[in-house]
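The values are calculated or read from the model by the stated rules, or taken from the named source; none is laboratory data. The model shown is predicted, which means the values in this text are computed figures rather than measured ones. Virtual Cβ from ideal backbone geometry, glycine too; neighbours counted across all protein chains shown. Side chains included, ligands, DNA and RNA excluded: accessible areas come from the protein's heavy atoms. Shrake-Rupley method; radii C 1.70, N 1.55, O 1.52, S 1.80 Å.
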Amino acid sequence: MTHEEMKESLKRRYGKLVAASGKGRRGGPGGHGRGMKGPGGKPKDYKKTIKRLAAYVAAEKIRLIAAVLCVVAATGAQLATSYMLRPIINTYIVPEDGSKGSVSGLFMALAVMAAVYLLGILGTYCQSRLLIKVGQNSLKRMREDLFAHMETLPVRFYDTNTRGDLMSRYTNDIDNIGNMLSSTLISLFTAGLTIIGTLALMLYTNVILTVVTVVVVPFMLAAARRIAGASSKYFSSQQAALGALNGYIEENVTGQKVVKVFNHEKICDEEFGILNEELCKNQMKAQVFSGLMGPVMNCSTQINYTLTAAVGGLLCVFRGLDIGGMTVFLNYSRMFNRPINEISMTVSSVFSALAGAERVFAVMDEQPEPDDTENAYEPETVRGDVVMNDVSFGYVEGKTILKHVNVYAHPGQKIAFVGSTGAGKTTVMNLLPRFYDINEGNITIDGRNIKDFGLKELRSNITMVLQESHLFSGTIMENIRYGRLDASDEEVIEAAKTASADTFIRHMPHGYNTVIDADGSNLSQGQRQLLNIARAAVSKAPILILDEATSSVDTRTEKLIEKGMDRLMSSRTTFVIAHRLSTVRDANAIMVLENGEIIERGTHEELLELKGRYYELYTGKAELD
């Protein structure tokens, strides 16, 4: 694969985040649906983003008001100490009446000046502590809102967005927002007060010099605006490219065994280089444009200072401006330009934070799963009669995956689905707990449409054992109890025995209290799957879905758990998806799916007599693709 082909492949996999075009990216696994639109170009609505951020900060009103008062005190002290130079110079150093200055008076004035200066330092310290608290509390609420909202999002969302990119929104993007809230806002607010206060004192000191100083400001602001406009889109692209890179890193680390077994290290290195180069380019462009701000502002400040000093000197000679007033005004000139420079220099962090905020709010704006109807059906018990009537479904509009599927299952029955990969077996099972909603037809449980149930009520009556096992950090006991949180220790142990997991658990260092590493990395794949089966066993849900549940278990272990699984399924309505046809021989009915349609149905013996697709698969005359 050439470099360009690899780049195109990355664009397809990670969407326009890589190209930074701002058009959003296509879905993830299987291409189902469309993912969130990454902010690959200039952020769409800064005002809306700022308003939403302000709502989080506004929740800290008391601390915010106290911080504002501290900022006012600190800024006032700074301005006061600067103005105190004028009477000190004119009275004690170069008296206007030509008399000799008073040393004791000078020291007294300096002591007062030092006291005011210390007051300013105390105000600065307090404002920093308060605003940091405001910023961190705002971030805490933002993370809580983001996580809580993500818990409400449908499976479709997670199927169409990479985990690494989502994690980047929790870390990099929120960290950028935090930097702005805890430090940049302090600088901006202080700078604003300093500009207002300094301008007032400048006008009080000398109007002509004030005009000379202020006349340069529009040119400075115009330059800052042009530079900011050019850099803002690159900061948005930088955050998007960072999300894509994090997504790639997460996938590569998770799939490292696959990478090594297929000798893809070099390809991965090259692909990482392409994504890293894209991030580097966007970062360089963003930093170069924001880096221009400092030299341009400093140059403008020096020109302004020189012009003010020249005009001030002429006023001292020809208009009788006092030396103290001249000294103070030059100091004010620097104080007036400094916050303008600071505001200009913080533009980069502001744009970076706003770009991150847009990415965070993009997740929060994703449509959650539909709310339960006002009179959602909450039965006292669910028997488990399941009927799929003329069900059709497609992940994307215009592309139908399942076509007119009809399935009937009663409590205690075992219904199996077999067929080629991509035939629609797992899709059928995704519809029952409403991970996706059907396009046509209806699905009922005990005669009631599943849309009448509340989602929580519906899913509490369905338990699943998926092909991909997933365990959480915690003890083995806690992971099994995840299936039913109110299960007793005895029930957990009995469930482990049902799944034939009890023996290996008791050989663990601390038995059921053994702590599992991240996703069970200290267990074998087979052991992890046995715990997943035990988790399903502890659940009292009347409907059981086994999606290749024994695919990661060796033949010996599979035989050991067959009896336990039979006990588990005896009173439940069970749906089984399997590639090993030997595991579904005892099913009450076997559905053969091809291209989203049920082409054959019947018991094992009945289907063999038909000598159709199932017969070919079972006898090896055809293969499960």
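Annotations
- Listed residues LYS403, LYS47 arranged by accessible area, highest first, probe 1.4 Å: LYS47, LYS403
- Proximal charge balance of SER182 [Cβ under 14 Å; K/R count +1, D/E count -1]: +2
- THR49 - accessible surface, heavy atoms, 1.4 Å probe, Å² rounded to 10: 10 Å²
- Volume per residue of the C-alpha convex hull in region 167-244, rounded to whole Å³: 72 Å³
- Heavy-atom accessible area for SER183, with the other protein chains in place and a 1.4 Å probe, reaches approximately 60 Å².
- Estimated 222 nm signal from helices in the chain, with DSSP H stretches of n ≥ 4 weighted -39500 (n - 2.57), rounded to 500: -19000 deg cm²/dmol
- C-alpha center-to-center spacing [region 421-446, region 117-137] in angstrom: 57 Å
- Heavy-atom accessible area order for GLU490, GLU144, GLU600, largest first, 1.4 Å probe: GLU490, GLU144, GLU600
- In terms of overall dimensions, the C-alpha atoms belonging to region 362-469 reach 45, 39, 31 Å along their principal axes, ordered largest to smallest.
- In a DSSP loop and with at most 13 other Cβ atoms within 10 Å, the GluC sites (Glu not before Pro) in region 411-469 are GLU468.
- Calculated FRET efficiency for the pair LYS399/HIS579, C-beta based, R₀ 22 Å, to 0.05: 0.35
- Estimated D of the chain in µm² per second, where Rh is the Kirkwood radius over Cα pairs and Stokes-Einstein applies at 25 °C, 0.890 mPa s: 82 µm²/s
- Viscosity 1.567 mPa s, 4 °C: Kirkwood-radius Stokes-Einstein D of region 74-175 over Cα pairs, µm²/s: 70 µm²/s
- Qualifying GluC sites (Glu not before Pro) for region 364-426 [loop in DSSP, other Cβ within 10 Å: at most 12]: GLU374, GLU380, GLU397
- Of all DSSP-defined beta bridges confined to the chain, some 50% are antiparallel rather than parallel.
- Residue pairs, from the table LYS399/LYS425; LYS7/LYS266; LYS48/LYS281, whose Cα atoms sit over 19 Å apart: LYS48/LYS281
- Of all complete DSSP H helices in the chain, those with a Cα span along the helix axis of 30 Å or greater and a mean Kyte-Doolittle hydropathy of -1.0 or more are 61-83, 103-152, 217-254, 265-318, 323-345.
- Portion, in percent, of the accessible area of the chain that falls on carbon or sulfur, probe 1.4 Å: 57 percent
- For the chain, the cysteines with no partner cysteine C-beta closer than 4.7 Å are CYS268, CYS280, CYS299, CYS316.
- Put THR306, THR190, THR160, THR426 in order of accessible area, highest first, and with a 1.4 Å probe you get THR306, THR426, THR190, THR160.
- Distance in nm between pseudo-label sites at ALA111 and TYR204 (7 Å out along the Cβ direction from Cα): 2.5 nm
- Here the simple spin-label model places points 7 Å from the Cα toward Cβ, and for GLU605 and ILE93 these points are separated by 11.1 nm.
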